[in-house]
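Trainee: I'd like to ask you about the structure that follows.
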Amino acid sequence: MEQRQLGRTGLRVSRIGLGTLTWGRDTDEHDAADQLKAFWEAGGTLVDTADVYAGGEAEYLLGQLVGTLVPRGELVIATKAGSVPDPERRFDGSRGHLLAALDASLARLGTDHVDLWQLHAFDPDTPLEETLQALDLAVSSGRARYVGVSNLCGWQLAKAATWQLAAPGARTRLSSTQMEYSLLQRGVEREVLPAARDLGVGLLPSSPLGRGVLTGKYRAGAPEGSRGASEHMAPFVAPYLDDAASRIVDAVATAANGLAVTPLQVALAWVRDRPGVAAPIVGARTARQLSEALSVEALSLPVEICQALDDVSAPVHRYPDQDWSTL
């Protein structure tokens, strides 16, 4: 699998990442082992998790597999901290919480460092400089090699990245931002992606298959065993089951038929090759599902098909977004 630089850093990652959101909950240890082995054998390196996935079970399961199934040195392990199971405070970006969460993640992962440590979300109740100092301390202490952010809007990303760049050598450059990005969700193109590209921050798209909808499996309703049919994941899928999404899914299916590939491959190749993208993070319940995603390595979409998909999924950009001067 092709490797790409992550932002303007020396870290290289596979251009498809393996997500572990379902590990320890919908994906058991046997399926997780099959996924990790298939991913590694295909040349994949970037494995993404978080301290809140399955209440920490995803990290623990990954830690049990690394070293025994796949060499630790051949993986780029990324995790996140900052989300908390508290209805009164969903995010905690305090220095104390973040550093304690990192120590707990390392214990579950069974490693002395993570390759990429990410702030899971913006905490409006904590001064940003305090949050970012935790990232610096993680790197200076050797517990993290690189740092990034996740789910920050345009101004938040620009402020954080600029703050880190203001004291080169003393503060750690942000290497990445992880955001939802797909043909069904192109909101990052308004401000986040332009800011990331300007600041040298690599984009790691989450849910690149539109929460599974772009595979086309929901065109006739939610199939048994799918996320959309499960009680805890159905609300996650529901926003992309409207008429607007249906038109985009139909266009993807048409393109797939013309290229003799699957809708999954078309949707994933489109987002993988967008400007500024480092590596889409793909989650799967089984190794068979993952194998189809990994097969996209050999696919490059023709320019004409990319343009057609761009047109059918184009978001509405109005003042004061880019190109507003013509309004």
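The values are calculated or read from the model by the stated rules, or taken from the named source; none is laboratory data. These numbers come from a predicted model, not from an experiment. A quick note on method: Cβ atoms are made from the backbone with ideal geometry, for glycine too, and the neighbour counts reach across all protein chains shown. These area figures cover heavy atoms from the full protein model, side chains too; ligands, DNA and RNA do not enter into them. Shrake-Rupley method; radii C 1.70, N 1.55, O 1.52, S 1.80 Å.
Trainee: With a 1.4 Å probe and all protein chains kept in place, how do Trp163, Trp40, Trp155, Trp117 rank by accessible area, largest first?
Mentor: Trp155, Trp163, Trp40, Trp117
Trainee: Can you tell me the relative contact order of segment 255-327? Whole percent, Cα pairs under 8 Å, sequence separation 6 or more. Write out the running numbers ahead of the final one.
Mentor: Values: 36 pairs, mean separation 19.0, N = 73.
Over segment 255-327, the number comes to 26 percent.
Trainee: Taking Rh as the Kirkwood radius computed over C-alpha pairs, what is the Stokes-Einstein D of segment 137-180 at 20 °C in a medium of viscosity 1.002 mPa s, expressed in µm² per second?
Mentor: Using the Kirkwood radius from Cα pairs, D works out to 194 µm²/s.
Trainee: Under 13 Å from a label point 7 Å along Cα→Cβ of Leu299: give me every residue in segment 265-284 with its amide N that close.
Mentor: 265-273
Trainee: Go through segment 139-145 residue by residue and turn each phi into a ³J(HN,Hα) via Karplus (6.51, -1.76, 1.60, θ = phi - 60°); whole Hz please, and just put x for glycine and proline.
Mentor: 6, 5, 8, x, 7, 9, 8
Trainee: Continuing with this model, one more query. At a 1.4 Å probe, what is the % contribution of carbon and sulfur to the accessible area of the chain?
Mentor: About 51 percent, which is the carbon plus sulfur part of the accessible surface.
Trainee: Among the lysines, which fall within straight-line cross-link reach of Lys217, defined as a Cα-Cα distance under 28 Å, with same-chain neighbours fewer than 8 residues apart omitted?
Mentor: Result set, ordered by chain and number: Lys37.
Trainee: Mind computing the radius of gyration and Dmax over the alpha-carbon atoms of segment 228-292? Å is fine for both.
Mentor: Rg and Dmax of segment 228-292, Cα atoms, are 13.5, 36 Å.
Trainee: Along each of its three principal axes, how wide is the spread of alpha-carbon positions in the chain, in whole angstrom units, largest first?
Mentor: 54, 52, 40
Trainee: Output wanted: per-residue J couplings in Hz (rounded whole) for segment 66-83, from phi through Karplus 6.51 cos²θ - 1.76 cosθ + 1.60, θ = phi - 60°, x for Gly and Pro.
Mentor: 5, x, 8, 9, 9, x, 4, x, 9, 10, 9, 8, 10, 9, 9, 8, x, 7
Trainee: Taking amide H atoms as placed 1.01 Å from N in the peptide plane, list the residues 5 or more away in sequence, or in a different chain, whose amide H sits under 5 Å from that of Trp23.
Mentor: Those qualifying (amide H under 5 Å, at least 5 residues apart or on another chain) number zero.
Trainee: Over all Cα pairs of segment 135-278, how is the pair count split among 10 Å bins, expressed in % and running from 0 up to the last occupied bin?
Mentor: 11, 33, 28, 18, 9, 1
Trainee: Treat each spin label as a single point 7 Å out from the Cα along the C-beta direction, and report the Arg247 to Arg288 distance in nm.
Mentor: The modelled label-to-label distance comes out at 3.5 nm.
Trainee: Let me ask you something else. Treat each spin label as a single point 7 Å out from the Cα along the C-beta direction, and report the Leu69 to Arg12 distance in nm.
Mentor: 2.5 nm
Trainee: Using θ = phi - 60° and the Karplus form 6.51 cos²θ - 1.76 cosθ + 1.60, what ³J(HN,Hα) does each residue of segment 268-276 get, whole Hz, x for Gly and Pro?
Mentor: After applying 6.51 cos²θ - 1.76 cosθ + 1.60, I find 6, 5, 4, 6, 4, 9, 6, x, x Hz.
Trainee: Could I have the simple spin-label model distance between Glu41 and Ser140, label points 7 Å from Cα toward Cβ, reported in nm to one decimal?
Mentor: For Glu41 paired with Ser140, the spin-label model returns 4.5 nm.
Trainee: Right, something else. Can you give me the P(r) profile for segment 1-76? Cα pairs, bins 5 angstrom wide beginning at 0, each as a whole percent.
Mentor: With 5 Å bins starting at 0, P(r) equals 3, 17, 27, 24, 17, 9, 3, 0.
Trainee: For segment 133-285, what does the relative contact order come out to in percent, with C-alpha contacts under 8 Å and a separation of six or more? Spell out each step's value before the answer.
Mentor: Working: 216 pairs, mean separation 34.6, N = 153.
Normalised by residue count, the contact order of segment 133-285 is 23 percent.
Trainee: Oh, and also: In a Debye calculation with equal point scatterers on the alpha-carbon sites of segment 62-157 and no solvent, what is log10 I(q)/I(0) at q = 0.21 Å⁻¹?
Mentor: Values returned for q = 0.21 Å⁻¹ are -1.02.
Trainee: With every protein chain left in place, what is the accessible area per residue of the chain in square angstrom, probe 1.4 Å?
Mentor: Normalised by residue count, the accessible surface of the chain is 44 Å².
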